[in-house]
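Down below is the structure, laid out as structure tokens.
A short reminder: the numbers here are calculations on the coordinates, not readings from a lab. It should be emphasised that the depicted structure is a prediction, and the values quoted were computed from it without experimental measurement. Heads up, the Cβs are rebuilt from the backbone with ideal geometry, glycines too, and the neighbour counts pull from every protein chain shown.
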Amino acid sequence: MAHLLVVDDEPSMRRVVERILAAAGHDIRGVGSGAEAIEAVRASRPDLVLLDLHLSDVSGLDVLQRLVHDAAPGVPVVMMTARGSVEAAVDAFKLGAVDFVTKPLEAAKLIATVNGALPGAFADPTDGPVMVGSSPRFRETMATVRQFARPDINVLLQGETGTGKELLARTLHAGSKRREAPFVAVDCSILTESLIESELFGHEKGSFTGATAARIGHFERADGGTLFLDEIGNLPLPIQAKLLRVLQERTLERVGGRDTIKLDIRVVSATNIDLHDAVRRGAFRADLYYRLSEATIPVPPLRVRAGDVDLLATHFLQKYAQRFERAVSTIEAAALAELRAYQWPGNVRELENAIKSAVVTAERVLRHADLPAAVRGRSQPPPAAGAASASLGKLLIELEVDLDADQIDLKAVAAIAADRAEQALLSALLERSSGSRAELARRLKVDPKTLRAKLRRIDGDDE
């Protein structure tokens, strides 16, 4: 049973909605104005809001914006609109609505829409992996994944470390025509350069020292199914050339072999770096990039998925309480507030690890004190000797600077640093902002069109 709030200034319409959804097993509360809606969600957070587009005291779009950005971030909002107001419904999607229903209402359609929009786990209908979330950015990503799951094309997932790119790759596979065939995941960042060709393409017996038997590679293991190449940007250029040839010809030869082996695979790849920039710098082949990115799906970081931290934290709490046989069933309000406030640079993976360790120490209720010190925001000890060098090393890795290189393009490094600082600033401002993007453009003293272009780059949809 879900707790739903219905916002409509027509009492008869509220009664119709309440009767339909109560019969479907939901608990319903109805209010007749935008002001009552804001007050109701602050007093008792519902699982979903059904909001009429036209209210007597204020526009439904204005109420939607306040709900999404202030009063109830993360609570899904379904708009109700007359049949002739589809354009307004499109505007509602842009502001964060997850779906809409048209009047006069059809009971079956209303129930299906509400049940489909309720927060919780997204599971592919083919019993694929479970993805948890309800925020607009999460639902947008999952809608794109569903769209590209069945077409047999190569997909590139672009997002920060820990955002769940492998789970999305598995979801793509589970929804594809290849779902009964193998899914093979390869982390390109941990393959040694001396053995990477053998790992990917296989080798014959005696082809190099230590090759005491023939071995099939990851490509052959994935034949008929999906090959997931994680951290694809780490592949050396010579291997990129061989990978391109395999993708173009759909054949390979094992290391030391002469036989041509036919392949029938789909490739899903992932990266946490800007491959556009890597192509520009000559670190990644442009032809391979276009071959891998027949479709590109940006994966949002956790910090822009408003409301999903609560859902994910609860999901991980249940998962590890059961695994570790701990009687921990809830998270106290102070701990949840700290989890929401934290920026999660390690994204979902970092949140999962934080909850995992907290479950071990918690007793019945996961409390603020059970969270890792970094998440609690406690002051850190003074940096040890060598910490400055470690920080510099981390920065140089992020900027992809090789100190041992024969030449270093200082202007290029500065440009990359400036670009990433700008993106970090815009992401932080977007997260804090409850106003319009026009207002953000005014604050930054940039043209709104320029701002939109920059935001598209952050989202990764500037293809």
May I ask which residue of 113, 41, 92 lies farthest towards the positive end of the charge dipole of segment 3-117, with charges of +1 (Lys, Arg) and -1 (Asp, Glu) on Cβ and the Cα centre as origin?
-> 113
Go ahead and run the numbers for FRET between residue 327 and residue 118, Cβ-Cβ distance against an R0 of 35 Å, rounding to 0.05.
-> 0.80
Give the range of the longest stretch in the chain that excludes all chymotrypsin sites (Phe, Trp or Tyr not before Pro) found in loop regions by DSSP and having at most 15 other beta-carbon atoms within 10 Å.
-> 1-207
Relative contact order of the chain, defined on C-alpha pairs under 8 angstrom at six or more residues apart (%) = 12
In a Debye calculation with equal point scatterers on the alpha-carbon sites of the chain and no solvent, what is log10 I(q)/I(0) at q = 0.06, 0.07, 0.08 Å⁻¹?
-> -0.33, -0.45, -0.59
Under 21 Å from the Cα of residue 242 - lysines, other chains or at least 8 residues apart | 205, 262
One quarter of the C-alpha convex hull surface, i.e. the mean projected area of segment 195-238 in nm², amounts to 3.7
Helical contribution to [θ] at 222 nm, DSSP H n ≥ 4, -39,500 (n - 2.57), averaged over the chain, rounded to 500 = -13500 deg cm²/dmol
Residue order, fewest to most beta carbons within 10 Å, for 142, 80 | 142, 80
Charge dipole of segment 123-204 about the Cα centre (unit charges at C-beta), most positive-ward option of 145, 196, 164 = 145
For segment 126-196 versus segment 307-372, the gap between their alpha-carbon centres in whole angstrom | 25
Over segment 157-257, calculate the relative contact order: mean separation of alpha carbon pairs under 8 Å at least 6 apart, over the residue count, as a percent.
-> 34
What length, rounded to one decimal in nm, is gained on full extension from residue 10 through to residue 413, with 0.36 nm per residue of separation minus their alpha-carbon distance?
-> 139.1 nm
Once segment 130-298 is represented by equal point scatterers at the alpha-carbon sites, with solvent omitted, what log10 I(q)/I(0) does the Debye formula produce at q = 0.18, 0.19, 0.20 Å⁻¹?
-> -1.16, -1.27, -1.37
Rounded to the nearest 0.05, FRET efficiency between residue 152 and residue 318 (Cβ-Cβ, R0 51 Å) equals 0.90
Multiply the residue gap between residue 36 and residue 449 by 0.36 nm, knock off their C-alpha separation, and tell me the result in nm, one decimal place.
-> 145.1 nm
How big is segment 304-376 by Rg and Dmax over its Cα atoms, in Å?
-> 10.9, 33
In Å, what Rg and Dmax follow from the Cα atoms of segment 3-117?
-> 12.4, 34
Give me 357, 135 ranked fewest to most by other Cβ atoms within 10 Å of their Cβ, as a rough exposure proxy.
-> 357, 135
Return the loop-located trypsin sites (Lys or Arg not before Pro) in segment 150-247 (DSSP other than H, G, I, E, B) with at most 14 other Cβ atoms within 10 Å of their own Cβ; answer none if there are none.
-> 177, 205
Could you give the length gained on full extension between residue 250 and residue 215, defined as 0.36 nm per residue of separation minus the Cα-Cα distance, in nm?
-> 10.7 nm
